[in-house]
Amino acid sequence: MKRINIIFSFFAFAMLMTGCSDILNKEPLSSGTEAIFFKTPEQFKQAANALYQLEGWKDYNGGATYYKMDQGLDISGFGSNGGASAGEGDFRWDKPYSFIRTCNILLEKAAVYTGVKTDLNQSVGTAYFFRAWQHFYLLQIFGGVPIADHSFAVTDSMLYGPRKSRYEVANFIIKDLRTAIPLLPQEKTITATDKGKVSQEAAKSFLARVLLYEATWEKYVPNISYDLDGDGTSKGAGNVKPSGYPSVTDLFTESKQMAKEVIQEAEAGTFQLWNQCDSLSYYSLFNIDDNGGNISNFKNVGKATNKEFIFSVKYDYTVKQGGINLGHTIAIGGGAGISTYLGEMFLCRNGLPIRVSYTGNMADAQNNSQFLGFTHFNDEFRNRDYRFIGCASLPDRVTWMDQTDYGIPCTVAGQPYPTPVYPQATYNAKDPAFSNKAAIYVPRLYGGTNNGYGCRKFMPEGAGRTANNTESSDYPLIRLAEVHLIYAEAAVELGNGVISDADLNFSVNKNRTRARVAPLTNALIANVWDAGWWDQAQNKTVCKKMNMLDEIRRERVCELFGEGFRSDDLKRWGVAHINLRGQKLGGHVYGTQFMTAIANDATYHGQPAYQPAKYPLTYGVYEAGGALDPDYGRSIATLPGNLLYSQRDYLAPIPLGQLRLNTALKQNPGW
């Protein structure tokens, strides 16, 4: 198995090639070590295997990456944000540079290799890919950074030089990926024992991502009324653009082309959306973990069937377990979230929003013919996008869970959910349902903010993973579904808001098909207003005419929520300081079953499911607009004073310790 090769070879090579993460304290390899490891193509291959330093279920600092599941954002539910100060250190600065150094060592040794150069192609391509990967990691967090284009000795003048502008860094990343692509093997030529290694298609997909990111940043971020570049001499990294730097149009064009080539390869059979679990395919995609006889989904299909992950961090129950208590954390709501805002973004199966207008007037807005409303607990989940239905915690069923403290592990195939058990209508202290993990209880609204839905995305289900920290599903880094989204977004940007039905069918409509949502077409949304659109600037529900850019962005969040893209998306679209500020509302309370339901759990049996006098909501219920206001009767999810995110937060501060070590580095604006 390829993942075994990478894991073992990493340990062998890491003994020689790892050290202090701080770039300034990084000692160069001894000439003896380098001579030992760079004499043959096989040794270069082993060195390339050691470059697979990636954040998966753990980050670069060894901590669990639950926070990367889009936590604390508009789509997951707010607590508080903003107002932080710069810290002394940040592993997100230190670690990538230590990994880049190993890439540069390989590239330098390849340059002086006296054998057949083409024998090193894959290893060299891998090094260029990961050098770009780590620089992009830095770019997204800090903006412009020092470019590490060679392995630094402690006396190297580059260690004490200024930051490069974000445009210089982006240009460097793009060139590295363009160099890597022809050196890397096509996915279809990678042998079974090497599956999981970087392919041409992974590099093309990543390049498409980088190009789209930078194109949208350069198009939208200048409009946020804040200079994030700085002058490069007193603050920031400056705004120098290298000679021949591509225009925004050029960036979009190349992004679309790279995505197109990957999609075409998928259409030839190399990749495909995973669709092995019927309407639960999207949900089950993230839980595949079959080694050791574990039944990780109701179809009992395993990792060998997954051709959607173009690039991922590989885990294996026998060789490399995930090492975090995933089942426990997802079960208690500590993973990805689905806020009310996100839940109401998911479309009905006819491809339209839950509330529509055909005039643009809120007075004649109506429920989508497929939307059953909020009156009963189960109504809003009917006839909806299966990405929502599959991942939300539904009130009429429970989910398989590998952790017996919270649920029932799956032991047999063929049953999507545990058989539900219902408490007796009349209270009985000995009712067996009270001790059954499959019991269905009436939802209660006792305190809290009512801002969202329980989310089971990434939930391990199989009984073979009941031991803590043993869950071993692969961690997706690049999925085919994302490439579809990249293509569509680049296309609609190039078309100034216009995209053809053919381009939609080539890209995002494939994702919608799996979600059981009607195809997006120009005719479908013509002269239709979304009457449930939450205007983030006004913090209220409005009627907004549907358009293709909005719909493709909607598709992006509905497909990728919880996978760590949202914060960067909000920033590159220039709306983070809008979406992450102000008073936000939660779910409907008035006019729903909360007002009449009676609790049936052992503790509160027979009591009203909503008792505001006894258990008030944290911020109360919104009533300011009166009964005709579409937001009347919703919970207040958070107050403006809790959300302090500002334009400066688009970039993280340079660690203070680094500023002292290198006085040529200048802090990002506002920090």
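The values are calculated or read from the model by the stated rules, or taken from the named source; none is laboratory data. The model shown is predicted, which means the values in this text are computed figures rather than measured ones. Because the Cβ atoms are built from the backbone with ideal geometry, glycine has one as well, and the counts that use them run over all protein chains shown. Only protein heavy atoms, including side chains, enter the accessible area calculation; ligands, DNA and RNA are left aside. Shrake-Rupley method; radii C 1.70, N 1.55, O 1.52, S 1.80 Å.
How about Lys584: which lysines have a C-alpha closer than 21 Å to its C-alpha, ignoring those fewer than 8 places off in the same chain?
Partners found: Lys540, Lys544, Lys571.
Placing unit charges on C-beta atoms (Lys and Arg positive, Asp and Glu negative, everything else neutral), compute the dipole magnitude of segment 122-177 about its Cα centre in debye, rounded to 20.
Details: 5 positive and 4 negative charges, 29 e Å.
That gives segment 122-177 a dipole magnitude of about 140 debye.
Which Cα, out of Gly447, Leu480, Thr470, lies furthest along the positive dipole direction of segment 326-484 (beta carbon charges, K/R +1, D/E -1)?
Selected residue: Gly447.
I'd like the chymotrypsin sites (Phe, Trp or Tyr not before Pro) in segment 517-615 restricted to DSSP loop residues with at most 16 other Cβ atoms within 10 Å, sorted by number.
Within segment 517-615, the qualifying chymotrypsin sites (Phe, Trp or Tyr not before Pro) (loop, at most 16 other Cβ atoms within 10 Å) are Tyr590.
Measuring from a point 7 Å past the Cα of Phe91 along Cα-to-C-beta, which residues in segment 52-77 have an amide N at less than 20 Å?
What the label zone holds, given the 20 Å backbone N cut-off, is 52-72.
So for the pair Thr618, Asp119, with labels modelled 7 Å out along Cα→Cβ, what separation do we get in nm?
6.2 nm
At a Förster distance of 60 Å, what's the computed FRET efficiency of Asn547 paired with Ala153, Cβ-Cβ distance as r, to 0.05?
0.65
Taking θ = phi - 60°, what integer Hz values does the Karplus form 6.51 cos²θ - 1.76 cosθ + 1.60 yield along segment 238-247, in sequence order, with x for Gly and Pro?
x, 10, 5, 10, x, 4, x, 4, x, 6
Among all stretches of the chain without exposed trypsin sites (Lys or Arg not before Pro) (DSSP loop, at most 10 other Cβ atoms within 10 Å), which one is longest?
In the chain, the maximal stretch lacking such sites is 1-429.
Can you tell me, using C-alpha contacts under 8 Å and at least 6 residues apart, the relative contact order of segment 43-154 as a whole percent?
33 percent
With charges only on Cβ, +1 for K and R and -1 for D and E, what is the dipole size of the chain about its Cα centre, in debye, rounded to 20? Present the calculation step by step, with values, prior to reporting the outcome.
Working: 66 positive and 66 negative charges, 85 e Å.
For the chain, the charge dipole is close to 400 debye.
Let's test the formula: R0 of 51 Å, r as the Cβ-Cβ distance of Tyr245 and Met362. What FRET efficiency results, to the nearest 0.05?
On the way: r = 45 Å, r/R0 = 0.89.
Calculated transfer efficiency: 0.65.
If contacts are Cα pairs under 8 angstrom and at least 6 residues apart, what is the relative contact order of the chain in percent? Could you put the intermediate results ahead of the total?
Values: 1345 pairs, mean separation 126.7, N = 671.
Relative contact order for the chain comes out at 19 percent.
Which of Lys117/Lys320; Lys58/Lys666; Lys188/Lys307; Lys260/Lys457; Lys197/Lys320 have a Cα-Cα distance over 23 Å?
Beyond 23 Å: Lys117/Lys320; Lys58/Lys666; Lys260/Lys457.
For the chain, what is Rg from Cα atoms divided by 2.2 N^0.38 Å, rounded to two decimals? Walk me through the intermediate numbers first.
On the way: Rg = 25.8 Å, N = 671, 2.2 N^0.38 = 26.1 Å.
Output field value: 0.99.
Only four residue types carry charge here, +1 at the Cβ of Lys and Arg and -1 at the Cβ of Asp and Glu. Report the dipole size of segment 364-519 about the Cα centre in Debye, rounded to the nearest 20.
About 440 debye.
Regarding segment 53-191, what is the average projected area of its C-alpha convex hull, in nm²?
Convex hull of Cα atoms, orientation-averaged projection: 11.9 nm².
Roughly to the nearest percent, how much of the accessible area of the chain is carbon and sulfur, given a 1.4 Å probe?
Whole-percent figure for carbon plus sulfur exposure: 52.
Nearest 10 degrees, 0 to 90: what angle lies between the long axis of helix 248-267 and the longest principal axis of the chain (Cα atoms)?
The helix 248-267 is inclined about 80 degrees to the chain.
Taking the chain as the reference, fit the longest principal axis to its C-alpha atoms, fit the long axis of helix 91-111 to the helix C-alpha atoms, and give the angle between the two in degrees, 0 to 90, nearest 10.
With both axes taken from Cα atoms, the answer is about 40 degrees.
Can you grab the distance from the C-alpha centre of segment 352-419 to the C-alpha centre of segment 204-266, Å, no decimals?
Each part reduced to its Cα centre gives a spacing of 37 Å.
Label-point separation (nm) for Ile141 and Asp629, each offset 7 Å from Cα along Cα-to-Cβ?
My value for the distance between the label points is 4.1 nm.
So if we plug the beta-carbon distance of Asn469 and Thr603 into 1/(1 + (r/R0)^6) with R0 = 41 Å, what FRET efficiency do we get, rounded to 0.05? Each step should come with its number before you reach the end.
Numbers: r = 31 Å, r/R0 = 0.76.
My answer for the efficiency is 0.85.
Just in segment 361-444: which chymotrypsin sites (Phe, Trp or Tyr not before Pro) are loop by DSSP and have at most 16 other Cβ atoms within 10 Å?
Qualifying residues, ordered by number: Tyr406, Tyr427.
Choose one of Asn223, Ala203, Gly236: the residue whose Cα lies farthest towards the positive end of the charge dipole of segment 194-236 (beta-carbon charges +1 Lys, Arg; -1 Asp, Glu; about the Cα centre).
Ala203
What nm distance separates the two modelled labels at Val498 and Thr305, each placed 7 Å from Cα along Cα→Cβ?
Modelled inter-label distance: 4.3 nm.
Can you tell me the 0 to 90 degree angle between the C-alpha axis of helix 200-220 and the longest principal axis of the chain, rounded to 10?
70 degrees
Restricting to Cα pairs below 8 Å that are 6+ residues apart, what does the relative contact order work out to for segment 158-267? Please round to a whole percent. Before the final figure, lay out the partial values.
On the way: 105 pairs, mean separation 40.0, N = 110.
Answer for segment 158-267 is 36 percent.
Is segment 430-499 rounded, prolate or oblate when judged by the Cα gyration tensor, a ≥ b ≥ c being the square roots of its eigenvalues, rounded requiring a/c under 1.5 and prolate requiring a/b larger than b/c?
oblate
Per residue, how much accessible surface does segment 249-331 expose to a 1.4 Å probe? Answer in Å², no decimals.
Value for segment 249-331: 35 Å² per residue.
Identify all aspartates and glutamates with a Cα-Cα distance to Lys545 below 16 Å; exclude those on the same chain that are fewer than 8 residues away in sequence.
Within the straight-line limit of under 16 Å, Lys545 reaches these aspartates and glutamates: Asp364, Asp530, Asp535.
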